[in-house]
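Novice: The structure's right below; bear with me while I get my questions together.
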Amino acid sequence: MQLKAPEHQVAGHIAKDGKPGPLVDDKGRFFKPLQGDSRGEIEVKFYESFSSNTEVPEHIRRYFPVYHGTQAVEGSDGAAMIVLENLLADFSKPSVMDVKMGTRTWYPEASEEYIQKCLKKDTGTTTVSAGFRISGFEVFDHKESSFWKPERKLLRGLNVDGARLTLRKFVSSNSLSDIGSKPDSAFASSVYGSSHGILTQLLELKNWFENQTLYHFNSCSILMVYENESILKGNDDDDARPQVKLVDFAHVLDGNGVIDHNFLGGLCSFINFIRDILQSPNESAES
Amino acid sequence: MLKVPEHQVAGHIASDGKLGPLVDDQGRFFKPLQGDSRGEHEAKFYESFTSNKKVPYHIRRYFPVCHGTQLVEASDGSGKLPHLVLDDVVSVYSNPSVMDVKIGSRTWYLDVSEEYFKKCIKKDRQTTTVSLGFRVSGFKIFDHQESSFWRAEKKLVLGYNADGARLALRKFVSSNSPADSNLTPNCAFASEVYGGSNGILAQLLELKDWFEIQTLYHFNSCSILMIYENESILMKEGDDAPEARAEVKLVDFAHVLDGNGVIDHNFLGGLCSFIKFIKDILQSVDKRDETDTSLLENGR
């Protein structure tokens, strides 16, 4: 089995300084190293619970990666890895964005140290102000014919207007590394709009979150993916196949009869940002 | 003649020479503008809201009507102070049951002082604000056995966990004695007050629809007030009996800020959580009524 580092990782841990990072194989599987300090355990517990939970409606499962258990992998010192569906396996030129959802990333059961760390980050980013923050993205620039990924520093410093601009850039065709140019939002309607686009999927998730009391998805992200290849070919048959997936379940807790109001509030705010772009694709900033 | 309002369940109370709100016999409520900028801030909000064309007409019913400010003899004897003049939302009821619920998973917001932030977050974590997205601030119900009002103890209310909040919401629509903590609330008025096409739930859902799109204001630290007429429900006989007239009002706008193009996701998340609690009570009452009916039908 040939394992290599994934091409389009936009957020989360990467292989660095001898510490293992995620890997992918050629059979559509994604191998995520189990993080230390119980986070890996929590994520495994979640996937195990979720896979067999009969209270999860069938139509909601498509928003979660398929779980294939855990496995010890060669070359990672026999450390166990979570085996998941590789969400990008069916894409040849995917644009990807990771958005951390919720007006807070901490939760009452966490340690005081963790809470303070999260609070600092939340107040310094759009988490408190907008209910979500962009953790990372990689987008295919049609003018340059290459992928573009911003520096992490840039993302940390994004304010609300910056987040809005970034969401427009994500569906634009014009040069991205040129900060001065106004994004053309050329693919907004086929990626965000359309009957099976991002907005439709987010609304379906929202409906579930208004009622589900099974899990609290603390610090989880929504991953948005779409295919650029079909856009390049100009094929009407092959659409952008926009997809929404929830990822990163290291801090998921039981719902205990209460809805995940933190995630839901952020999700509704995010939905509003997407809607605004669909309604006014030619503006690069709100007045 | 101005007097202390009877049905105040949360916030400052004008008793024992303290500064607090007053009411007249014309259905008006006078709220003193406090020394710090909060009073002015609230007045500014009402001014903006009253004339804001972007507020849909059907949403205005959820807000008290404001009649500007007026110099009024303060309740603590300190002389004439500016007061905000509002319509008294409970004046149209004879025996109103009232509950104040602070909505949102945080009561603080960006740009507040470090001191205020620490104070808020401490309270948010100690109460159900962080866990549920709302907290019950206070409530009172008309006890028909005693023919008097029963008021929930403030300390107890602030110490509620999720089950406590659930119980309070059930108690609020029950007819059995609220003073007896061993009694399970019977939720006798749940369907009339919470349910129905004009009930609390229907109104909350209408508010929710607006909050999903409105980017005009962020209602930090605001409360939802639930009111209903307790007198009429029990006296109900025949088709011309008066209704519960349950109402939802938003109150307390001392910390409202501009929305700046972003929805009030903090309020909205808490509102959705609150809606789920109300829905759950209605469902459990429906189930219970179904079971009762089937038991009756089976001749038990």
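The values are calculated or read from the model by the stated rules, or taken from the named source; none is laboratory data. The structure presented is a predicted model; accordingly, all values stated were derived computationally and were not measured. Quick reminder, even Gly has a Cβ in these numbers, built from the backbone with ideal geometry, and neighbours come from all protein chains shown. When the accessible area is computed, the model is the full protein with side chains, heavy atoms only, and any ligands, DNA or RNA have been set aside. Shrake-Rupley method; radii C 1.70, N 1.55, O 1.52, S 1.80 Å.
Novice: Per the Cauchy relation, a quarter of the hull surface: what is the mean projected area of the convex hull of the alpha carbons in the range B:22-87, in nm²?
Specialist: It is 4.9 nm².
Novice: Further question: Please give, to one decimal in nm, the separation of the simple spin-label points placed at A:Lys4 and A:Arg61, each 7 Å out from Cα toward the Cβ.
Specialist: 3.2
Novice: Where does the range A:186-287 land on Rg(C-alpha)/(2.2 N^0.38 Å)?
Specialist: This ratio for the range A:186-287 stands at 1.23.
Novice: Let me ask something additional. Compute the long axis of helix B:114-126 from its Cα atoms, compare it with the longest principal axis of the Cα atoms of chain B, and write down the angle in degrees, 0 to 90, nearest 10.
Specialist: 0
Novice: Which of the lysines could a cross-linker span from B:Lys3 if the Cα-Cα distance has to be under 19 Å and same-chain partners fewer than 8 positions apart are dropped?
Specialist: The qualifying lysines are B:Lys18, B:Lys31, B:Lys80.
Novice: Charges at C-beta only: +1 for Lys and Arg, -1 for Asp and Glu. How large is the resulting dipole of the range B:84-177 about its Cα centre, in Debye rounded to 20?
Specialist: 420
Novice: Okay, moving on. Mind checking B:19-31 for the average number of partner chain beta-carbons within 10 Å of each residue's beta-carbon?
Specialist: Per-residue shielding by partner chains comes out at 0.
Novice: Check the straight Cα-Cα distances from A:Lys143 and name the aspartates and glutamates below 15 Å, setting aside those fewer than 8 residues away within the same chain.
Specialist: Leaving aside aspartates and glutamates fewer than 8 places away in the same chain, those within reach of A:Lys143 are A:Asp178, A:Asp184, A:Glu229.
Novice: Another one. Give me the accessible area per residue for chain A, probe 1.4 Å, as a whole number in Å².
Specialist: With the other protein chains kept in place, chain A gives 45 Å² per residue.
Novice: How many Cβ atoms of partner chains, on average, are near each residue of A:105-117 if near means within 10 Å of its Cβ?
Specialist: 1
Novice: Further question on the same structure: If you average 1/r across every pair of different Cα atoms in chain A and take the reciprocal, what Kirkwood value do you get, in Å?
Specialist: 19.7
Novice: Okay, next question. Starting from the Kirkwood Rh over alpha-carbon pairs, what translational D in µm² s⁻¹ does the protein assembly as shown have by Stokes-Einstein at 4 °C and 1.567 mPa s?
Specialist: Answer from the Stokes-Einstein relation: 49 µm²/s.
Novice: In addition: Just to verify a number: FRET efficiency for B:Ser148 and B:Gln26, C-beta to C-beta distance, R0 = 30 Å, to 0.05?
Specialist: 0.70
Novice: Points 7 angstrom from Cα along the Cβ direction at A:Ser145 and B:Val112: gap in nanometres?
Specialist: Distance between the two pseudo-spin positions: 5.6 nm.
Novice: Moving on to the next point. Can you order the peptides B:163-172, A:148-157, B:24-33 by their average number of other Cβ atoms within 10 Å per residue, highest first?
Specialist: Packing order, densest peptide first, comes out as B:163-172, B:24-33, A:148-157.
Novice: Separate question: Counting Lys and Arg as +1 and Asp and Glu as -1, what is the net charge of the other residues whose Cβ lies under 11 Å from the Cβ of B:Val130?
Specialist: +4
Novice: Report, to the nearest 10°, how far helix B:38-51 tilts away from the longest principal axis of the Cα atoms in chain B, using its own Cα long axis and a range of 0 to 90°.
Specialist: 70
Novice: Ignoring everything but the protein chains, give the 1.4 Å probe accessible area of B:Lys44 in square angstrom, nearest 10.
Specialist: 140
Novice: Could you compute the net charge surrounding B:Asp76? Neighbours are other residues with a C-beta less than 13 Å from the C-beta of B:Asp76; K and R count +1, D and E count -1.
Specialist: 0
Novice: Taking just the alpha-carbon atoms of the range A:23-85, what radius of gyration and Dmax come out, in angstrom?
Specialist: 12.7, 38
Novice: What is the distance in Å between the Cα centres of the range B:182-197 and the range A:19-82?
Specialist: The two parts, judged by their Cα centres, are 45 Å apart.
Novice: Which length gain, in nm to one decimal place, applies between A:Thr213 and A:Lys233 when the Cα-Cα distance is subtracted from 0.36 nm times their residue separation?
Specialist: Full-extension gain reported as 2.8 nm.
Novice: Considering only the other residues whose Cβ falls under 14 Å of the Cβ of A:Cys268, what net charge follows from Lys and Arg at +1 and Asp and Glu at -1?
Specialist: Net local charge, A:Cys268 excluded: -4.
Novice: Hey, which of these cross-link pairs are over 30 Å Cα-Cα: A:Lys121/B:Lys102; A:Lys117/B:Lys54; A:Lys245/B:Lys122; A:Lys100/B:Lys155; B:Lys249/B:Lys279?
Specialist: Those over the limit are A:Lys117/B:Lys54; A:Lys245/B:Lys122; A:Lys100/B:Lys155.
Novice: Take the Cα radius of gyration of the range B:156-300 and divide it by 2.2 N^0.38 Å, with N its residue count; two decimals is plenty.
Specialist: Scaled against compact globular proteins, the figure is 1.22.
Novice: Then there's this: Can you pull the Rg over Rh of chain B, Cα-only, Kirkwood?
Specialist: 0.97
Novice: What part of the accessible area of the protein assembly as shown, given as a whole %, is carbon or sulfur when the probe is 1.4 angstrom?
Specialist: Of all accessible area on the protein assembly as shown, carbon and sulfur atoms account for 48 percent.
Novice: Further, regarding this structure: Calculate the FRET efficiency for A:Glu112 and B:Val65 from the Cβ-Cβ distance with a Förster distance of 51 Å, rounded to the nearest 0.05.
Specialist: The pair A:Glu112/B:Val65 has a calculated efficiency of 0.65.
Novice: I've got another one for you. Quote the total accessible area buried by chains B and A together, excluding ligands, DNA and RNA, probe 1.4 Å, nearest 100 Å².
Specialist: So the total buried area for this chain pair works out to about 2300 Å².
Novice: May I pose another question? Roughly how many whole Å is it from the C-alpha centroid of the range B:127-163 to that of the range B:1-54?
Specialist: 22
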